Amino acid sequence: MLHRILTFVLSTFFTIQLLFAQNFHSIDSIIEKQIQQQKVSGAVAMIIYRNNVVLDKAYGYADKANQVPMTTESIFRIASQTKAIVSVAFLQLVESGKIGLNDPIEKYIPAFQNQQVAIVEKDSIKLVNRNRSITIRDLLSHQSGISSSDEYPKLKKLFAQYQLDKPLNVAFNSLHEEVEQIAKMPLAHQPGERFSYGLSTNVLGRLIEIISGKSLDVYLKENIFKPLQMKDSYFYLPKDKQNRLVKVYRNIKSDSISEITPDIYPINYPNAENRNYFSAIGGLVSTTHDYAKFLTCLLNDGLYAKNKKLLSKQTLDQFTSNQLGDKNFIFGGMKSLNNFGLGVGLTTKQGTILNNASEGSFFWGGAFNTAYMVDKKRQLITLFYFQRVPFDLPPVLSGLEKQTIAEIDKIK
């Protein structure tokens, strides 16, 4: 009987390997087309199916000018993919009983006690009182009203007034300094009124520091990166790894790309020295290999080693459950077909049309055009990493996910 089981497992594994070896040229074609059309310089793709790595491939250049090839060990600015890591780290504190999801924020940061709400009336802004306190759940689900000027362009002057409109918030020396400023600024809407993307996760990062007594980088290293052996994930890179950081490009003409330089955007932030500001909303760099370890742990109900868990299944079920009810998930001024949990986007029945992912799959991406997707029903993880601005490749990223699922479904 054992021999039969082993034969079946090996047969299934090699069938998967053979099929993908034959069929992943479709993924290659999509990515190589982007490179040939001068949309990107290079990319990395990683696909994990039933806990087997079935694609792990680099394309093009990490540094085009110097002809440095992209590799599967290349380090990317993962931007908003930072949020899922910080949210899971925060939920560890919830699970340990150190903070509650329905606790009011001012219980831990008194500066939020008297925060008001900004209401736009014609050409002026009126301030009104909050209907209720911001809760921890509001922060995790981006319903706090702590938003961004991208989501609320009519409040752009207000964000500038409080210095909360800078790229990567380079105006601040620490999360403590920034969060105190966030507490002074009026909210963009009433707590719990709607989803609005923005600075909520930086407040979570600061709460991690307050509750744990450790800086955010140290907490993540000890409680996420070290347990999962994520050896290339940092806010600020050690000098011996800086040469692996991928250059960022922009498409300036239809047939050419150019490297983004610090005079255009503070793009070299991962190489900064002696910084104590840790952007919880988007400051991490990582590799597809490292982030795959994190996602595999989540897919496996928090288990990362024998009898060792990052989070319990019960907590992860909340992480990937709809927190918005029937409210609109409005992102970038547009209504999404999907929903949102406690730190990740969730595929709804309507949203399956975008990439054919199973209902309940979770996903997100980063501003430099990186993306991940976890389809638990299919036992599938995809990671597709580009490095360019602006954030205009979601159709390509969704197309790669859709094509992957098409290949996966062939072996059923």
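The values are calculated or read from the model by the stated rules, or taken from the named source; none is laboratory data. Worth saying up front: this structure is predicted, and the values here are computed from it rather than measured. FYI the Cβ positions are ideal-geometry reconstructions off the backbone, even for glycines, and counts take in every protein chain you see.
Would it be correct to say that Gln229 is more than 23 Å from the chain's Cα centre (by Cα) and either in a loop (DSSP other than H, G, I, E, B) or buried (at least 21 other Cβ atoms within 10 Å of the Cβ) (or both)?
no
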Being within 17 Å of Met185 (Cβ to Cβ) and out of contact with any helix residue (DSSP H, G or I) (no Cβ under 8 Å at 6 or more places or on another chain) is the filter here; which residues of the stretch 93-123 pass it? Pro110, Asn114, Gln116, Val117, Ile119
Looking only at residues that are in contact (Cβ under 8 Å) with a residue 40 or more places away in the chain and among the hydrophobic types (A, V, I, L, M, F, W, C) in the stretch 233-259, which one is nearest to Gln67 (Cα to Cα)? Val246
Looking at Gln242, is it surrounded by fewer than 16 Cβ atoms within 10 Å (Cβ to Cβ), more than 24 Å from Ile134 (Cα to Cα) and in contact with a helix residue (DSSP H, G or I) (Cβ under 6 Å, 6 or more places away or on another chain)? yes
Wholly inside the stretch 336-412, strands (runs of 3 or more DSSP E) that include 3 or more residues that are out of contact with any strand residue (DSSP E or B) (no Cβ under 9 Å at 6 or more places or on another chain), in the same structural domain as Ala58 (by TED's automatic domain parsing) and farther than 25 Å from Gly283 by Cα are none
May I ask you to list the residues in the stretch 124-142 that are surrounded by 19 or more Cβ atoms within 10 Å (Cβ to Cβ), touching a helix residue (DSSP H, G or I) at 6+ places or on another chain (Cβ under 8 Å) and either assigned to a loop (DSSP other than H, G, I, E, B) or without any contact (Cβ under 8 Å) to a residue 40 or more places away in the chain (or both)? Ile134, His142
For the stretch 219-232, what are the residues that are farther than 15 Å from Val88 by Cα and without any contact (Cβ under 8 Å) to a residue 60 or more places away in the chain? Lys231
For the stretch 301-334, give me each residue that is part of a loop (DSSP other than H, G, I, E, B) and touching a residue at least 60 places away in the same chain (Cβ under 8 Å). Leu310, Leu311, Ser312, Gln323, Leu324, Lys327, Asn328, Phe329, Gly332, Gly333
